[in-house]
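Below is one structure, written out as structure tokens; comments come after it.
The values are calculated or read from the model by the stated rules, or taken from the named source; none is laboratory data. Worth saying up front: this structure is predicted, and the values here are computed from it rather than measured. Note: ideal-geometry Cβ built from the backbone for every residue, glycine included; neighbour counts use all protein chains shown.
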Amino acid sequence: MVKTMRTWFRFGVLLGALSLGAGAGVAMAQPEDDGAESPADQRATSFQAVKGPTKETIPGGTLLVVAYGVVWLLVFGYVLRVGRLERRTAADLERLEKMLRSDANGGANG
Amino acid sequence: MAFPQHVVPYARMATEPSKQVGFPVLAAISAAMLSITLYLIFGLAPVELQMGVVQKIFYFHVPSAYAMYVGFTASAVGSTMYLWKRRDAWDAIAVAGAEVGTVFCFIVLITGPLWAYKAWGVWWVWDPRLTTTMLVGMLFAAYLALRGFGAAGEVEKRFASGLAIVGLFILPIIHYSVQRWRGQHPTVITGKGGGLDPDMRVTLLVSFATFTFVVATLLWLRFRVERNAQRVLELELDARERGLLEDSW
């Protein structure tokens, strides 16, 4: 029983070592630059105008509309938020000014 | 008890904004420039050969990154000056810059993946420029969260100032990351770029000018509001000292 377990354990260790070795071998066999990343001088450096009709697989128009929608939403949402904050602080200033003025007038009269 | 003289100009400034001519003019120029830019993007600039119509995101994406730089730089400069001089006006500049910069950072981080999905087939990659942009966005989001806990005290202001200054050091890393490290981000206008169609170049330059006006308008607006908020806090303190307001803090 113990001998069988030992055999299975040795088999497992061997299998593990082989798996690690195979993984490392495959990784080593890959070219250093797998195409996913490239140095700055090998990447796109120009945008050129299209000539003639084109056909797209990914809907660029939808992505463009969403992008511009997000820009407008964020900019105008922010302007509205700051505008609301400005109105609130102006109202607070007016309220506090009245409060302090009436207190000062009361103090001066009294 | 003497009436505090500084109350009158504060209130006048807040309740009579019509006397400030500069801001409405700047806002009007920004709106007009935005209209012109939109016309150029969709009317003049041609469709790009490889990516198609989605490349037009470029005309808002890149100037938004520039506006982000302006906002975060203003925040870092304001923070540095606040730590040095301890004047609230500098702190207001820092807050305005951080908030406006974060808005444009969000725009960059949302429009970029929309373009990337078409160009690269994935929404996001851990490219150096993308990663460092997200990092600086998170840093200034932390700044705003710290300043957002009601009336920020002196300790919060100083700590937030430190964050903004750290953020300033990340900006050149973002800018030069496409040249120094491997990645996927295009290098059309940085590094060895410059390969833009003439109509595309005109549109991009006008867009940069437009975003200069837009970011200046937003910074001015937010600075003005922050200054008023600071004055509200000062007057509230005054009123509390006179027993006119109940202590609620």
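Within the stretch B:23-47, being without any contact (Cβ under 8 Å) to a residue 12 or more places away in the chain and not aromatic (Phe, Trp, Tyr) holds for B:Pro24, B:Val25, B:Ala28, B:Ala31, B:Ala32, B:Ser35, B:Leu38, B:Gly43, B:Val47.
Summed over the stretch B:35-47, residues that are crowded, with 18+ Cβ neighbours inside 10 Å and under 13 Å from B:Phe208 (Cβ atoms) total 3.
Taken over the stretch A:76-110, the criterion of being at the interface with another protein chain (Cβ under 7 Å from one of its Cβ atoms), closer than 30 Å to B:Leu114 by Cα and either hydrophobic (A, V, I, L, M, F, W, C) or not in a helix (DSSP H, G or I) (or both) is satisfied by A:Val82 alone. Can you tell me which residue is nearest to the other protein chains (Cβ to nearest Cβ) among those in the stretch B:17-66 that are within 30 Å of B:Tyr117 (Cα to Cα) and hydroxyl-bearing (Ser, Thr, Tyr)? The qualifying residue nearest to the other protein chains (Cβ to nearest Cβ) is B:Ser64.
Check the stretch B:114-134 and report whether any residue there is in a helix (DSSP H, G or I), away from every other protein chain (no Cβ under 14 Å) and either among the hydroxyl-bearing types (Ser, Thr, Tyr) or exposed (fewer than 15 other Cβ atoms within 10 Å of the Cβ) (or both). Yes, there is a match, as at least one residue in the stretch B:114-134 is in a helix (DSSP H, G or I), away from every other protein chain (no Cβ under 14 Å) and either among the hydroxyl-bearing types (Ser, Thr, Tyr) or exposed (fewer than 15 other Cβ atoms within 10 Å of the Cβ) (or both). Please work out if B:Trp84 is over 29 Å from B:Arg231 (Cα atoms) and either surrounded by 23 or more Cβ atoms within 10 Å (Cβ to Cβ) or over 13 Å from the mean Cα position of the chain (by Cα) (or both). Judged against the criteria, B:Trp84 is not a match. Scanning the stretch A:44-59 for residues being within 7 Å of chain B (Cβ to nearest Cβ) and modelled with pLDDT of 75 or more gives a total of 7. When B:Leu168, B:Leu130, B:Leu144, B:Leu139 are checked against the criterion of being touching a residue at least 60 places away in the same chain (Cβ under 8 Å) and not polar (S, T, N, Q), a single residue qualifies: B:Leu168.
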